[in-house]
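Participant: This is the structure I have questions about; it appears just below.
The values are calculated or read from the model by the stated rules, or taken from the named source; none is laboratory data. Bear in mind the structure is a predicted one, so any value in this text is a computation, not a measurement. Because the Cβ atoms are built from the backbone with ideal geometry, glycine has one as well, and the counts that use them run over all protein chains shown.
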Amino acid sequence: MKAAPFEYFRASTLAEACAQLAEHGADAKLIAGGQSLVPMMAMRLARPAWLIDIRRLEELQRIESRNDPVSSADDVVSVGAAVRQCVIERDPLARASLPLLGRALKWVGHVQTRNRGTVGGSIVHADPSAEIPLVTCVLDAVLELRDAAGATDVPAREFFLAPMVTAIAPEQCLAEIRFPVWKGARVGSAFEEVSIRQGDFALVSACAQVALDADGKCIRAALGIGGASPFPQALPEIGERLAGTQLDDRTIVDAADAAAKLIDPDGDLHATAAYRRHLARVLVERVLRSAREDVR
């Protein structure tokens, strides 16, 4: 099929894009990479009357290290919403400061989709099995939304409401994502998923990041599960449970069992709810072991 007719506007500034969104509201869609929106338009699952192109906005393509304005415990890496996924994969700052995001990106689609797809596009699309939204929740990132009136910060864990439904308003644009950077400890991370074919949507995914002190004791842990709930699910209660432990095999097995009990997966033609819960337990155990071994 072909897309329904639409008007096209290429914004030269973010303020100009926000003005267009304010004028056209729900009849407008932003486009940067187009890896999700264009196929939906081709199948007429999305029929925007206006397409606003933000791909060339330099203010949405920056990757910067900053001091966190809220917390003195962590610095942040700010990633512009229109930064392409392949750029993040290769960026030295992102690779050094956000190892979990780098590990997740290897599971996103294929090389060709990552060459065009953007970080912000994946987040706003809000597929519950997508890798980047899961990492934003697990790392407790903050999303900056812009409209004609100014900027609003929304925690990633409050942004995703249901499959492909988010807290963003029709007149708002995702401008940047601020990822906390874990400092002052040895950090390890891991990301795993199971799909029918490599590059397909994940049946279930899991990721973890841990920090150990000089004696090998876990001083911080974060993990989450994707594809098993209507939205990416961070599990801070499991992270709190792991803090202060030696992160031995028994502790990891117990944490994986507890994590599997915190999700309420649905079944479909690809996998039953029971199978998704089983996958979640196995993957959580796997990423915790891998993150522990990755510590350096």
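Participant: Among ILE263, ILE196, which is the only one that is buried (at least 16 other Cβ atoms within 10 Å of the Cβ) and more than 22 Å from GLY102 (Cβ to Cβ)?
Facilitator: Testing whether each residue is buried (at least 16 other Cβ atoms within 10 Å of the Cβ) and more than 22 Å from GLY102 (Cβ to Cβ) leaves just ILE263.
Participant: Run down ARG296, ARG277, ARG241 and say which single residue is within 23 Å of the chain's Cα centre (by Cα) and not hydroxyl-bearing (Ser, Thr, Tyr).
Facilitator: Residue meeting the stated conditions: ARG277.
Participant: Just one of ALA202, ALA208 is modelled with pLDDT under 95, within 27 Å of GLY80 (Cβ to Cβ) and in contact with a Gly (Cβ under 9 Å, 6 or more places away or on another chain); which is it?
Facilitator: Matching residue, one of ALA202, ALA208: ALA202.
Participant: Just to be sure before I move on: is LEU100 assigned to a helix (DSSP H, G or I), under 23 Å from ASN67 (Cβ atoms), in contact with a strand residue (DSSP E or B) (Cβ under 7 Å, 6 or more places away or on another chain) and not small (Gly, Ala, Ser) in the structure I sent?
Facilitator: Answer is yes for this residue.
Participant: Kindly indicate whether any position in segment 126-134 is crowded, with 24+ Cβ neighbours inside 10 Å, out of contact with any Leu (no Cβ under 8 Å at 6 or more places or on another chain), of a type outside the set (Phe, Trp, Tyr) and not in a loop (DSSP other than H, G, I, E, B).
Facilitator: yes
Participant: Can you pull out the residues in segment 122-161 that are touching a residue at least 24 places away in the same chain (Cβ under 8 Å) and either under 19 Å from GLU16 (Cα atoms) or among the hydroxyl-bearing types (Ser, Thr, Tyr) (or both)?
Facilitator: Passing the criteria: SER122, SER129, THR136, GLU144, LEU145, ARG146, ASP147, ALA148, ALA151.
Participant: Hey, another quick one. Could you look through segment 239-287, keep only residues that are in contact (Cβ under 8 Å) with a residue 40 or more places away in the chain and in contact with a Pro (Cβ under 6 Å, 6 or more places away or on another chain), and pick out the one that is nearest to LYS217 (Cα to Cα)?
Facilitator: Ranking the qualifying residues of segment 239-287, first place goes to ARG277.
Participant: Now a separate question. Kindly state which helices (runs of 4 or more DSSP H) lie completely within segment 203-296 and contain at least 2 residues that are of a type in the set (Lys, Arg).
Facilitator: Output list reads 249-261, 273-294.
Participant: Suppose we filter SER36, SER65 for residues that are touching an Asp or Glu at 6+ places or on another chain (Cβ under 8 Å), within 29 Å of LEU93 (Cα to Cα), of a type outside the set (A, V, I, L, M, F, W, C) and surrounded by fewer than 15 Cβ atoms within 10 Å (Cβ to Cβ); which single one remains?
Facilitator: Matching residue, one of SER36, SER65: SER65.
Participant: Something else: I'd like the full set of residues that are assigned to a loop (DSSP other than H, G, I, E, B), of a type outside the set (Gly, Ala, Ser) and free of Cβ contacts under 8 Å to residues at least 24 places away in the same chain, limited to segment 16-46.
Facilitator: If the condition is that a residue be assigned to a loop (DSSP other than H, G, I, E, B), of a type outside the set (Gly, Ala, Ser) and free of Cβ contacts under 8 Å to residues at least 24 places away in the same chain, then LEU45 is the only one that fits.
Participant: From the list ALA222, ALA259, ALA274, ALA243, which residue is under 21 Å from TRP107 (Cα atoms) and hydrophobic (A, V, I, L, M, F, W, C)?
Facilitator: ALA222 is the lone residue from the list that is under 21 Å from TRP107 (Cα atoms) and hydrophobic (A, V, I, L, M, F, W, C).
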